[in-house]
Amino acid sequence: MSTNPYTILILGGGIAGIASALALSKKLSPLIPDLKIVVYELRDVPSTSGGAINLTPVAHRHLDQLGVLEELRKMGPEGGVEVDEIEIYSSQTGKKMGTVDFAGKDGKGYGGYKGRRIMRICLQLAMMTAMAKLSNVEMVFGKKVVGGIETEKRITVYFEDGSFAKGDMALGCDGVHSATRTTLVDPDRASEYTGISFIQATMKSETIESPAHFKATAVNRSRHGALMTTYCDSDREDMFVAALAEVDEDRLNSEICRYQTGSLKTKNAAVKILREDIQNRFGNSTIPFIREITDKCWDWFLYPVYQLRPGGKWCTERVMLLGDAAHAMPPKDESAAYALDDAILFARVLSLYIHEPLTEAFRVYESLRRKTIDDAYKAASENWASNKESGRLANMFEEWLMPWNLLREKKKSASAWTFDAMAVEIPRPNRATSSR
Ligand SMILES: Cc1cc2nc3c(=O)[nH]c(=O)nc-3n(C[C@H](O)[C@H](O)[C@H](O)COP(=O)(O)OP(=O)(O)OC[C@H]3O[C@@H](n4cnc5c(N)ncnc54)[C@H](O)[C@@H]3O)c2cc1C
């Protein structure tokens, strides 16, 4: 070991960052008595933005392994609504075109885990509660990573406030726009706008008088994008609605984003633009519930979706990127699961290679992870294209093909959802010399 205590710096306190802290503490604490893990987060407090997130069966399994599912259950209704299936509707005809099934053949889920829709802030708080139980993990807010220097033995990370931290290793878990990636690992791999944005809002379910056409979560497709309608608490009191829609980059840069970050007056102007946009896209739906949302929901917010080019470099000698910082892809309702998989698999590899050079642990982790991530990129990109604007005929054709496409996806999903990062076979190191 090169320092005392052995210090791991985790840069970014989102899903990948906190999951890494949980997994590393669990796997390394028995091996390194003086282990210290510090999570540095840009924000001053946990963020309430971002709406609700869907957790697939595999994300569920990994949250359980990390002790987070227990905390979600303790939260009561705010711990999220269990989702048996995502129902897919045609917004134009009102017809149900199929489902994405999370309940499996026996109705009990995949390996006992179904889906879950939960507000991001609630997931974050549950993860932080699980982390607070660990004596060797600390989280520091208000620390924006701006760069770092790596030497043979240490990594020093610099923060915007002029402070710095030294450690044996750093994990870049700072999301799609990762400063760890752009300053330390792969400066040429900048985030890119996907051309598609989420126009999203949260609202009270009681606002809508029409009966809901879905049980927990629905995606309502139109040729102008898809509108997701979902509950996000088990009492079904709160709803999250989000349109996935093609939004021109110029428009994004000009009116909407500038307005959103301005004064109350300009914010109201942005909301008005977004509301009109939603009405144009979904206001003529044959589903009364959808029409009512477009009429009654006011609080829209635009959330542009960024991605990284596939491939790229993930590590240096002492820094590894995990989660979106390494492989942000178009969201397909399962990228959070990849961040959790990364964290668990990385911690397992590191614990097995703890007496080997760090570079060897990094190499083994990457060799186990690359193909899964490359395949996921391909699947996410194909799926993402269907959110773009299409002509009337092309849309009809897509809707006609939908049941077949869902069936095809089902087979792939079933194998993705039974994935268990705890069960991945890791090649054993072929020498046992301590070289750190
Ligand atoms: C609109 C949208 C909807 C999505 N919906 C889903 C879904 O339903 N299901 C799903 O599984 N996935 C979904 N995803 C993807 C999912 O949100 C991400 O894959 C997941 O959040 C990745 O976790 P992460 O920890 O790697 O990154 P993030 O969640 O982005 O966390 C990064 C953290 O690092 C912090 N940070 C950033 N820069 C710095 C810095 N310089 N210094 C210090 N800290 C920093 C951030 O504040 C943040 O806390 C969605 C993504 C988008 C964009």
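A few points about this structure:
- Within the chain, longest stretch free of exposed chymotrypsin sites (Phe, Trp or Tyr not before Pro) [DSSP loop, at most 13 other beta carbons within 10 Å]: 142-297
- Largest accessible area first, the listed residues T286, T194 line up as T286, T194 when surface is computed with a 1.4 Å probe on the assembled protein chains.
- Reachable lysines, given that their alpha-carbon falls under 20 Å from the alpha-carbon of K166 and they are not under 8 places away in the same chain: K36, K143, K144, K153
- The chain, relative contact order in percent, only Cα pairs under 8 angstrom and at least six apart counted: 22
- Treating r as the C-beta distance of K412 and F141 and R0 as 41 Å, the FRET efficiency rounds to 0.60.
- Sparsely packed loop sites in the range 145-182 (the GluC sites (Glu not before Pro) outside DSSP H, G, I, E and B with at most 14 other Cβ atoms within 10 Å) comprise E152, E160.
- The length gained on full extension between A132 and E292, counted as 0.36 nm times the residue separation minus their Cα-Cα distance, comes to 53.4 nm.
- The range 274-355: GluC sites (Glu not before Pro) in DSSP coil with no more than 16 other Cβ atoms inside 10 Å: E317
- Inter-label distance, nm, simple model (7 Å from Cα along the C-beta direction), R370/K166: 3.4
- With Cα atoms, 0 to 90° folded angle of helix 335-352 axis to the chain main axis: 10
- Between 0 and 90 degrees, the angle of helix 358-385 with respect to the longest Cα principal axis of the chain falls at about 10 degrees.
The values are calculated or read from the model by the stated rules, or taken from the named source; none is laboratory data. Worth saying up front: this structure is predicted, and the values here are computed from it rather than measured. Using ideal geometry, Cβ is built from the backbone for each residue, glycine included, and neighbour counts are taken over all protein chains shown. Only protein heavy atoms, including side chains, enter the accessible area calculation; ligands, DNA and RNA are left aside. Shrake-Rupley method; radii C 1.70, N 1.55, O 1.52, S 1.80 Å.
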